[in-house]
Amino acid sequence: MSQYVPWSSQPLEDWAERHAAGAFIELDGRKTHYIERGEGEPLILLHGFFYDSFLWARNIDALAKRYKVHAIDLWGCGYSTREPLDYGYPLFARQLRAFMDAKGIARASLVGQSMGAGTAIRFCVEHRERVDKLLFVSAAGMPNPLPPMAKFFNLPVIGEFFLGLKTDAIRKKALTDVFIHDASLATDAYFEQVTRAQKILGSNESGLRMQRNAFFDTLEPEIRRLGALQVPIQLVWGRQDKAIPLARGEAMQALLPGARLEVLDPAGHVSNFEQAERFNALALAFLGE
């Protein structure tokens, strides 16, 4: 039996050398890990909370047949830098702008899931001229109460204690209670891939800081502004999404004239994974119009 590796314990450089699947770039003096595949017009994928660029593992190859795909690990996540930063949409939008500048990407279509979609919303409102199309999967941004588990971990000391326990059970419960509708898809191998980067030193602290900064559902003014910018927008939602229920997607669509809403059923918060073939076909159709 292999030795158990504690959560939030491994030096970033060592763990990334062993496990990171992509390349690294320095942005504003901070390390950003990203995966790059394909050729064509640029397409940037932005993951949500709890995940990293592995979120798109069942989507990247399909999208890369037509596009130059870049899947970024946002700061504090994946194999990107761990620092006590002011995590939130302004920071992530700055990271995205710096990435596009460094890679020479003048304009791109953005695909974001949950927190990643919120990042794309903030970025587009600030830099409309750099965005072609937007595709959101269970987008964060509209007023939405935190799931009970998130409220529990936001309690002082409690979150630090439970996330530091020598067990996989807590994160496995989060995966099936909050993110994945069909628990049979949350295999041990999938869990290991999703959470592997959470072994990096500082991961517990960065994750808790993100949650406690309480920014996920604060974008209603920006969403209203986005609705006036004439950006082609496709919304995708899992009918059984527990983290950001479908009603939030319907409310968002109402503020975005011309935006389309596609409901994938059965699927939870990461419908791009649970219904990968349907999502890939939908994304390629929308982006190719």
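Before moving on, here are some points about what is shown:
- Given (1) under 20 Å from Glu26 (Cβ atoms); (2) out of contact with any Ser or Thr (no Cβ under 9 Å at 6 or more places or on another chain); (3) hydrophobic (A, V, I, L, M, F, W, C), number of the condition Leu74 does not satisfy: (2)
- Any chance Phe92 is assigned to a helix (DSSP H, G or I) and either out of contact with any Gly (no Cβ under 6 Å at 6 or more places or on another chain) or crowded, with 18+ Cβ neighbours inside 10 Å (or both): yes
- Within the set Asp73, Asp101, the sole residue that is closer than 29 Å to Glu160 by Cα and of a type in the set (D, E, K, R) turns out to be Asp73.
- When restricted to residues that are without any contact (Cβ under 8 Å) to a residue 40 or more places away in the chain and more than 16 Å from the chain's Cα centre (by Cα), the range 71-100 contains 1.
- Among the residues making up the range 102-138, those that are over 22 Å from Ala285 (Cα atoms) and surrounded by 19 or more Cβ atoms within 10 Å (Cβ to Cβ) are Met115, Gly118, Thr119, Arg122, Phe123, Val125.
- Checked against (1) in contact with a Lys or Arg (Cβ under 7 Å, 6 or more places away or on another chain); (2) within 19 Å of Val236 (Cβ to Cβ), Tyr51 meets all criteria but (1).
- Of everything in the range 139-157 that is farther than 20 Å from Pro221 by Cβ and either surrounded by fewer than 12 Cβ atoms within 10 Å (Cβ to Cβ) or in contact with a strand residue (DSSP E or B) (Cβ under 9 Å, 6 or more places away or on another chain) (or both), the residue that is modelled with the lowest pLDDT is Pro148.
The values are calculated or read from the model by the stated rules, or taken from the named source; none is laboratory data. All values derive from a computational prediction rather than experimental measurement. Every residue, glycine as well, gets a Cβ built from its backbone with ideal geometry; the counts of neighbours run over all protein chains shown.
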